[in-house]
Structures are given as structure tokens and as C-alpha cells.
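Below is one structure; the comments refer to it alone.
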Amino acid sequence: MLDKVFESYAFSMKHGVFHDLSLASSTYFQVDTLFITPSYAVLFEVKNIAGELTVIQNPPQLIRVLDSGKVSGFKSPIAQLESNCELFQDWLYSRNISLPVYGAVVLAYARQRIEVFDTNIPILFPSAVPSFIRKFPTTSPLLDDKAFADLLSQLSNSHRDFIPSPICETYSIPRRDIRTGVVCPGCGFIGMVRHSRSWHCTACGHADREAHKQAIRDWFLLFGGKMSNKDCRAFLHIARQQTAHRILRGMSLHTEGANRNRTYTMHFLSERKKRT
Ligand SMILES: [Zn+2]
């Protein structure tokens, strides 16, 4: 796929390519592929979802219809990419680096059909990626050789160090100071309410069946270690043990113990591979 394209294509400018990059800025974020030069950076969000795809803007969502007629919703690749570009820009700023950051969505299957609202984010097939990259001007590099080499080494270090030490521990934040609740992917409101197996936002009306996934991931990033059913209920604001059980079971976490003593751990690296 995209890694093959970068392996087989020789770019004339100085550059670095990173796949499955995990970085921390104001929050943790993951970049499918980063192409970086001393003049600019390009983030690629890769989608390998089969079927007929439609990206809608409000709420930001990717809707997939299979030939069988089955309809499912996914995170919007455009919203994901825009957010990643901003977070990466912040990541650079915090290192006193100012580079233009561009982005594109890449469709892994050449036969994918996709319909998109009016957006200036390009949607490409892998074979179009090299010529897309070559269009950006490289005449006036913003980083000298040493600064660029430093940046590449920082990126590869961040990459390797992904399995993070818990944020609360690293920054000595007391647990009670952490705001709990499921974040609305539509408007950012904290404290979505669960009913009928879905999460509902009381602020914007958005409904999302999978909003708890980010909350559970955040819990592991914040506190680390093992999550109990009780921890899950407290963090997600769920009353019933059964509900928390069902949610945790649906997240391919590593489990230990049985019944009341069961705990869950998240393995970030293996979990990352399952992304769509
Ligand atoms: Zn909302």
C-alpha cells in the first residue's frame, strides 16, 4: 500500500517517511503516514474500508454501504486528518519549528468509490501520492541540515517511546482532578449519556455508538495499569455493571482474573494495528 509506494519511489529532496507514528501534543494522536522535508510536512490518513463510501460533514462521519445493503458508520477521515494536522502543527510549534503542514486522505483500494462533501482536502489513490508530494515547492527550505536531522531523530524517538507512562504520574496530577465522562466527537462536550446502546450528547444532539472507545483509551493513557469494571463505570458515568462489562468485552483488551476480580489492560501497539 502506501509504504510500498514510498519504498519504490525515489524523491530527489531531503525527506523522512514515518508510518504508524504516535505522538503526544495536547493529546495523543496517531498519524498513518508522515512525509516530512525541510520545507513542509504532509500527513496521510489511509482508509482501507471496502464498499461504497460517503463522507458527511455534520456530524463528521464516514458511512459505508456494502453490496449486501449493510450500512455502518466510521470516523470521518477528513475530520481525523484536519485534527491531526492541527495537532502536528502544535507538536512542531512546541519545538520552535514552523513548517507548513498539508494533508491528504488515501484510499487503499483502487476500486473504492467515495462521495465527499465540498472540501479542499485531497482524496488520492496510492499511485497519485508521489506526484501530489512533488507539487509542493522545495526552493526555500525552512530548516537547515542540522535542524532537519534533529527533527527526524525526535520523530523516531517519539515513535519508539509510544507506550507511554501514565500522564497523571508523569505530570503529578491527582486522580480527582481529572474530569471524567465520554467526550462528544461532534462538539467536544464531556459527559455523553448512554441509552439504547448508544452515546447521546446533551449539548449538540450527536449520537455515537463508539464514543466510549476514546474514553477508555484516554483512561489507560491517563492512569495506566489495570482497569476494573468499577473504574470503567466511574470514568464513563455508567450505572450498570452489565453495561460496563459489555463495553469492555467489545474492546479487545487483555483480561486477567474472573468475574468480580476481572481487570483489563490495553496494549497500545497491537491495538493500533487494528485501525481502519
Ligand atoms: Zn456534542
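Bear in mind these aren't lab numbers, they're just calculated from the coordinates by the rules spelled out. Just so it is clear, the model here is predicted, and its values are computed rather than measured. Cβ coordinates were reconstructed from backbone atoms using ideal geometry, including for glycine residues, and neighbour counts include every protein chain displayed.
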Exercise. Glu256 to Gln30: FRET efficiency via 1/(1 + (r/R0)^6), r the Cβ-Cβ distance, R0 25 Å, to the nearest 0.05?
Worked result: 0.45
Exercise. Among all cysteines in the chain, which have no other cysteine Cβ under 4.7 Å from their own Cβ?
Worked result: Cys85, Cys168, Cys232
Problem set entry | Contour excess over end-to-end distance, with Cα ends at Arg176 and Gln154 and 0.36 nm allotted per residue | 4.6 nm
Seminar exercise, completed: Taking 0.36 nm per residue of separation between Glu115 and Arg209 and subtracting their Cα-Cα distance, the length gained on full extension comes to 31.5 nm
Seminar exercise, completed: Of the candidates Trp91, Ser127, Val116, the farthest towards the positive dipole end of segment 46-138 (Lys/Arg Cβ +1, Asp/Glu Cβ -1, centred on the Cα centre) is Ser127
For this session: Provide, as a two-decimal number, the C-alpha radius of gyration of the chain over 2.2 N^0.38 Å, N being how many residues it has.
Result: 1.08
Exercise. Using a ≥ b ≥ c from the Cα gyration tensor of segment 164-276 (square roots of the eigenvalues), is it rounded, prolate or oblate, where a/c under 1.5 gives rounded and otherwise the larger of a/b and b/c decides, a/b for prolate?
Worked result: rounded
Exercise. Of Lys4/Lys47; Lys75/Lys226; Lys75/Lys213; Lys75/Lys135; Lys47/Lys75, which ones are farther than 19 Å apart at the Cα?
Worked result: Lys75/Lys226; Lys75/Lys135
Exercise. Do the sum for the chain: with -39,500 (n - 2.57) for every DSSP H run of n ≥ 4, divided by all residues, what is the mean residue ellipticity at 222 nm, to the nearest 500 deg cm²/dmol?
Worked result: -9000 deg cm²/dmol
Exercise. Tally Lys and Arg at +1 and Asp and Glu at -1 over the other residues with C-beta under 12 Å from the C-beta of Gly250: what net charge comes out?
Worked result: +4
Exercise. Given labels modelled 7 Å from the Cα in the Cβ direction, how far is it in nm from Met13 to Arg217?
Worked result: 2.9
Exercise. Say each of Glu86 and Asp145 gets a label point 7 Å from the Cα, pointing the same way as Cα to Cβ; how far apart are those two points in nm?
Worked result: 3.9
Problem set entry | Packing-based exposure ordering (other Cβ within 10 Å, fewest first) of Arg262, Arg95 | Arg95, Arg262
Exercise. If you stretched the chain out fully between Arg197 and Phe132, how much longer would it get, using 0.36 nm times the residue separation minus the C-alpha to C-alpha distance?
Worked result: 19.2 nm
Exercise. For the chain, with the dipole built from +1 on Lys and Arg beta-carbon atoms and -1 on Asp and Glu ones, taken about the Cα centre, which of Tyr171, Ala244, Leu107 lies farthest toward the positive end?
Worked result: Ala244
Problem set entry | Separation in nanometres of the label points that stand 7 Å from Cα toward Cβ, at Ser228 and Cys168 | 1.3
